[in-house]
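Throughout, read-outs are computed from the coordinates displayed, never taken from laboratory work. Everything numeric in this text was worked out from a predicted model, so none of it was measured. Ideal geometry is used to build each Cβ from the backbone, glycine not excepted, and the neighbour counts take in all protein chains shown.
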Amino acid sequence: MQKRYDIAVVGAGPIGAYTAYQLADKGFAVCLIDKKREIGEGVICAGIISKEAFKRYDLPSESILSRIDSVSFISPYGQRLEYEAPDIFAYIVSRKKFDRGLLRFAKRVGADVQVGQKVVDIQESRNGYKVVCRKNKYYAKAVVIATGVNYELINRLRMGAPSQFLYGSQIEVPISFSQSNIQIHLGQTFVPGSFGWVVPAGDNTSRIGVLVQNKGKVWLKRMLERRLHFSVKKLRDEEIKVKPIAYGPIKHSVKGNILAVGEAAGQVKTTTGGGIFYGLLCSEIAALRLINVFNNSGSLLDYEVIWRSALISELDIGKHLRNIAVKLDDKEIENLFSFVKRNRFWVELLVSRINFDYHSNLIYFCLKSFGAFLKLPEL
């Protein structure tokens, strides 16, 4: 006899595990399936998560490596703009401990976790869906797809995978900077139209990365050499990790009683490529909609409307900013840094609009304020 569930969640990364946790905690029979045997292994991520996200979602504190209270923005020629917050505003996490901590949450409330099971198809059945793995089958009334950047199931179900991707490239090196500071590096010679980062990862190591449209390893090596004066000759190519990142949402995140959530739905910041907060937020929306539907209230199509209403302005203005950034040259960026440093009142105006999780207010203000200075078209 095949065991049947209320909901099957495909993908036991942080968003899938958190979704399973919420649903199992409400008493639903939940199956959480992942192709990996060891959750959290081989994840490519800067690991920056806001303090507010930790508070809101009660995330696993044992995963914290560093506590961040300042950011340094560094221009193409080395000028610095410093933002020092009055308190800690973000954490750097170990993704292995973070992902496994959320998986432990799901297990603790009764989710049935099945690892080492690759889902190859989702088929309609008499009372819901048959989730087909290579060796096993699972039956559920509803399915949540949380497979991250793997769009095999999304394509098979014709839900419309993202049309564009960015590429994050990162390496962890034994270089120690401030353990409470993030560096953001700008320069068209090593991060064209985008940015690079240096974040503390504990134990006198740092994660150094770039987010670009292509050739991630090439640009990261340039940043290491030209900006950080780090010799790349001894680096093995496999030490540099590259990951595609969804740049915009999928066409349909709902099909029948199937939902896509997290990066599987393209719920990723178009500014930074970060997906944890948006994924958790949309997981919360998805879980509430599923609970309502199982209680004969509302429709799963509400999920599509609600999450898009919450994030579409953030996604759109992030794309608008990137379209502008590609056209700026280093001299224009340098002049903007000089202008802000000469007119310090701008710093206070900018700081008051900083929100780690929502960027549209700050970006819109910058584009309106500095548009004429940079000779940008009006919004």
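Mean residue ellipticity at 222 nm from the helices of the chain, using -39,500 (n - 2.57) per DSSP H segment of n ≥ 4 over the full residue count, to the nearest 500 deg cm²/dmol? Display every interim value, and only then the final one.
Numbers: 10 runs with 124 residues, N = 379.
My calculation for the chain gives -10000 deg cm²/dmol from helical runs alone.
Amide hydrogen proximity for Gly274: with H placed 1.01 Å from N in the peptide plane, the residues at 5 or more positions away or on another chain lying under 5 Å are Lys269. The value of relative contact order for the chain, using C-alpha pairs under 8 Å at least six residues apart, is 17 percent. Amide H contacts of Val9: Cys31, Leu32, Ile33, Val144, each under 5 Å away and 5 or more positions distant or on a separate chain (H built 1.01 Å from N in the peptide plane; Pro and chain starts excluded).
3J(HN,Hα) couplings calculated from phi for the range 207-213 with the Karplus curve 6.51 cos²θ - 1.76 cosθ + 1.60 (θ = phi - 60°) are, in sequence order, 9, 10, x, 9, 10, 9, 7 Hz; Gly and Pro show x. Angle, helix 330-342 long axis vs. longest principal axis of the chain, Cα atoms, 0 to 90°, nearest 10? Approximately 80 degrees, to the nearest ten.
For the range 295-379, GluC sites (Glu not before Pro) are listed when DSSP marks them as loop and at most 16 other Cβ atoms sit within 10 Å of their Cβ; the list is Glu378. The modelled label-to-label distance for the pair Lys375/Asn343, using points 7 Å beyond Cα in the direction of Cβ, is 1.8 nm.
Return a whole-number percent for the relative contact order of the range 177-253, with Cα pairs under 8 Å and 6 or more residues apart as the contact set. Before the final figure, lay out each step's value.
Values: 85 pairs, mean separation 15.8, N = 77.
Over the range 177-253, the number comes to 21 percent.
Could you pull out the chymotrypsin sites (Phe, Trp or Tyr not before Pro) across the range 4-102 that fall in loop regions by DSSP (anything but H, G, I, E, B) with no more than 16 other Cβ atoms inside 10 Å? Don't jump to the answer; show the numbers that get you there.
On the way: sites: Tyr5, Tyr18, Tyr21, Phe28, Phe54, Tyr57, Phe73, Tyr77, Tyr83, Phe89, Tyr91, Phe98; in loops: Phe28, Tyr77, Phe89.
Taking the range 4-102 and a limit of 16 other Cβ atoms within 10 Å, the loop chymotrypsin sites (Phe, Trp or Tyr not before Pro) found are Tyr77.
Label separation (Arg353 vs Lys251): 3.6 nm, computed from points 7 Å beyond Cα along the C-beta direction. Between 0 and 90 degrees, the angle of helix 301-325 with respect to the longest Cα principal axis of the chain falls at about 20 degrees. Pairs exceeding 30 Å between alpha-carbon atoms, taken from Lys130/Lys251; Lys251/Lys327; Lys51/Lys215; Lys55/Lys130; Lys107/Lys319; Lys215/Lys319: Lys51/Lys215; Lys55/Lys130; Lys107/Lys319.
Applying the Kirkwood pairwise sum to the alpha-carbon positions of the chain produces a hydrodynamic radius of 21.8 angstrom. Considering every alpha-carbon pair of the range 319-370, the percent of pairs per 5 Å bin, from zero through the bin containing the longest distance, is 4, 17, 25, 27, 20, 6.
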